[in-house]
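Asks: The structure that follows is given in the form of structure tokens.
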Protein chains: 2
Amino acid sequence: MRKPGPSIQDTGEDVATQTRRRIIDAATEVFLQDGYVGAKTDEIAAAAGASKQTIYKHFGRKENLFEQIVLDRLGGIDEIFRAAIGELAVTDDVEATLTAVARKFVSTIMRPSHLRVRRLVIAEAGRFPHLGLAYFEAGPERVHAALASAFAQLAERGLLRVDDPVLAANHFTWLVVSIPVNKVMFCGDDTRFTQAELDHFADSAVHVFTAAYRAPSRSSA
Amino acid sequence: MRKPGPSIQDTGEDVATQTRRRIIDAATEVFLQDGYVGAKTDEIAAAAGASKQTIYKHFGRKENLFEQIVLDRLGGIDEIFRAAIGELAVTDDVEATLTAVARKFVSTIMRPSHLRVRRLVIAEAGRFPHLGLAYFEAGPERVHAALASAFAQLAERGLLRVDDPVLAANHFTWLVVSIPVNKVMFCGDDTRFTQAELDHFADSAVHVFTAAYRAPSRSSA
């Protein structure tokens, strides 16, 4: 007879969660070191202190493990933008709220762990477009959809003038992150920016964006 | 006694040029197929129909060959921007000239051969930052420096208002190319855009850029 007492059940769940976390962390390092094709499940198992069977049980094929890593790394970005939509929807000071969003966004994107996964996804997307597509849908597309929704609301409230909210969302995010992200992509993971530099990229991006998309002020209409 | 007649000299140069071109084309394919680390000089030699010695004679180490490929692919972009500066310096219609530049720029950047090399450079820049740096200096930085010079001239002529020309150049280029370039980087080399879509990215980027950077019109001053 099984005896699934609550404390054992809880401990079992914790162990499973911890095992998943250990496998994801180990696999991330192995993927980054050896690339997607070069990464061996044996090596991931050894680094995670788990058996290959445990990895298969939790994640199935290597492809699924890779996608879990990608989604794991993008989790935080999604949350920032859920909060940002709420703030943008009620703000009366679009430029100030966009500046706060832009500063938080560029700081999040520029985390070394995020940028290393971004590089890995781009490296493999030529051979394995479905891996890149999973990243693109969970990251940039979700962020752009959320921002587009916020911009459309601001346009309805007469605070922005936006014909194509998804295009405007793309202009906003790439204005904010392209300079530092591309510098790291090309010049390597040791490229560093100060917080003041990142804030300046965010602030100047908001300045350009609002110049193009702010609604004409009523006083001059 | 050597007899370096002009016709022999000419033929000799042509053969050398053709050999270099054959090696660069073959090496590009092998690098794209196997990655920088996986690419073997034997394989490049076989694909080029040349000996390993010939490759060493023309390019030295694999690293130098890779840099030559990168510089080779970026050559056209540089030329477009040399011409663009000349046009921008004398134009009286900034928006029209910027639109022509933006349309030509995005079409050039979106060539499949360019994007495949871009992906390869990003893939390897984590492990070999000097490779990425060579690309960054010969590509984005040179383009931004040239554009910044043109924007500074337009500001002097009272047609733009630009405090930081290099920042403005970065805003311009990433506004123009980020949407289609990032889509291909993540979603794979089979991602296609129509000419009308690329033109629309260019035109809308110029609209955003000029809203932020055009000088206040004299009539309203």
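The values are calculated or read from the model by the stated rules, or taken from the named source; none is laboratory data. Fair warning: this is a prediction, and the values are worked out from it, not measured in the lab. We place every Cβ from the backbone using ideal geometry, glycine too, and count neighbours over all the protein chains shown.
Asks: Please state which one of A:A125, A:A202, A:A145, A:A138 is more than 10 Å from chain B (Cβ to nearest Cβ), under 30 Å from A:D72 (Cβ atoms), without any contact (Cβ under 8 Å) to a residue 40 or more places away in the chain and within 19 Å of the chain's Cα centre (by Cα).
Replies: Numbers: A:A125 fails: more than 10 Å from chain B (Cβ to nearest Cβ); A:A202 fails: without any contact (Cβ under 8 Å) to a residue 40 or more places away in the chain; A:A138 fails: without any contact (Cβ under 8 Å) to a residue 40 or more places away in the chain.
Of A:A125, A:A202, A:A145, A:A138, the one residue that is more than 10 Å from chain B (Cβ to nearest Cβ), under 30 Å from A:D72 (Cβ atoms), without any contact (Cβ under 8 Å) to a residue 40 or more places away in the chain and within 19 Å of the chain's Cα centre (by Cα) is A:A145.
Asks: With exposed (fewer than 15 other Cβ atoms within 10 Å of the Cβ), in contact (Cβ under 8 Å) with a residue 40 or more places away in the chain and of a type outside the set (S, T, N, Q) as the only criterion, which of A:E67, A:E63 stands out?
Replies: Working: A:E67 fails: exposed (fewer than 15 other Cβ atoms within 10 Å of the Cβ).
Residue meeting the stated conditions: A:E63.
Asks: A further question follows. Mind checking whether some residue in segment A:75-83 is more than 24 Å from A:L198 (Cβ to Cβ) and either polar (S, T, N, Q) or in contact with a Lys or Arg (Cβ under 9 Å, 6 or more places away or on another chain) (or both)? Outline the logic, then answer.
Replies: Going residue by residue through segment A:75-83, those that are more than 24 Å from A:L198 (Cβ to Cβ) are none.
No.
Asks: Another question about this same structure. Restricting attention to segment A:146-164, report how many residues are out of contact with any helix residue (DSSP H, G or I) (no Cβ under 7 Å at 6 or more places or on another chain) and closer than 22 Å to B:A205 by Cβ.
Replies: At the first step, the residues of segment A:146-164 found to be out of contact with any helix residue (DSSP H, G or I) (no Cβ under 7 Å at 6 or more places or on another chain) are A:155-158, A:163-164.
Then keep just the ones that are closer than 22 Å to B:A205 by Cβ; that gives A:155, A:163-164.
Number of matching residues: 3.
Asks: Then there is this: In this structure, does A:T173 turn out to be within 20 Å of A:L71 (Cβ to Cβ) and either modelled with pLDDT of 95 or more or part of a loop (DSSP other than H, G, I, E, B) (or both)?
Replies: On the way: within 20 Å of A:L71 (Cβ to Cβ): yes; either modelled with pLDDT of 95 or more or part of a loop (DSSP other than H, G, I, E, B) (or both): yes.
Considered against the rule, which asks whether it is within 20 Å of A:L71 (Cβ to Cβ) and either modelled with pLDDT of 95 or more or part of a loop (DSSP other than H, G, I, E, B) (or both), A:T173 comes out as yes.
Asks: Evaluate the following for B:L131: is it part of a helix (DSSP H, G or I), in contact with an Asp or Glu (Cβ under 7 Å, 6 or more places away or on another chain), within 28 Å of B:Q33 (Cα to Cα) and touching a residue at least 40 places away in the same chain (Cβ under 8 Å)?
Replies: Working: part of a helix (DSSP H, G or I): yes; in contact with an Asp or Glu (Cβ under 7 Å, 6 or more places away or on another chain): yes; within 28 Å of B:Q33 (Cα to Cα): yes; touching a residue at least 40 places away in the same chain (Cβ under 8 Å): yes.
In short, yes.
Asks: Can you tell which of A:I109, A:I55 is buried (at least 16 other Cβ atoms within 10 Å of the Cβ), of a type in the set (A, V, I, L, M) and not assigned by TED's automatic domain parsing to the domain that holds A:A169?
Replies: Details: A:I109 fails: not assigned by TED's automatic domain parsing to the domain that holds A:A169.
The match here is A:I55.
Asks: In this structure, does A:D163 turn out to be at pLDDT 95 or above, more than 24 Å from B:H130 (Cβ to Cβ), of a type outside the set (V, I, T) and part of a loop (DSSP other than H, G, I, E, B)? So that I can check it myself, show each step before the final result.
Replies: Working: at pLDDT 95 or above: yes; more than 24 Å from B:H130 (Cβ to Cβ): yes; of a type outside the set (V, I, T): yes; part of a loop (DSSP other than H, G, I, E, B): yes.
Answer is yes for this residue.
Asks: Okay, next question. Which residues, counting only those in segment B:149-171, are within 10 Å of chain A (Cβ to nearest Cβ) and within 21 Å of A:A169 (Cα to Cα)?
Replies: Correct list: B:L167, B:A168, B:N170, B:H171.
Asks: Are any residues in segment A:187-199 surrounded by fewer than 16 Cβ atoms within 10 Å (Cβ to Cβ), away from chain B (no Cβ under 13 Å) and outside any helix (DSSP H, G or I), and if so, which ones?
Replies: The first filter runs over segment A:187-199 and keeps only residues surrounded by fewer than 16 Cβ atoms within 10 Å (Cβ to Cβ), leaving A:190, A:192, A:194-197.
Then drop every residue that is not away from chain B (no Cβ under 13 Å), which leaves A:194-196.
The answer is A:T194, and nothing else.
Asks: Is it the case that A:P216 is modelled with pLDDT under 95, in the same structural domain as A:A96 (by TED's automatic domain parsing), surrounded by fewer than 17 Cβ atoms within 10 Å (Cβ to Cβ) and over 18 Å from A:I85 (Cβ atoms)? Write out each step before concluding.
Replies: Numbers: modelled with pLDDT under 95: yes; in the same structural domain as A:A96 (by TED's automatic domain parsing): yes; surrounded by fewer than 17 Cβ atoms within 10 Å (Cβ to Cβ): yes; over 18 Å from A:I85 (Cβ atoms): yes.
Yes: the conditions hold for A:P216.
Asks: Closer than 21 Å to B:G126 by Cβ, modelled with pLDDT under 85, acidic (D, E) and more than 22 Å from the chain's Cα centre (by Cα): which single residue out of B:D10, B:D34 fits that description? Break it down stepwise before answering.
Replies: Values: B:D10 fails: closer than 21 Å to B:G126 by Cβ.
The unique qualifying residue is B:D34.
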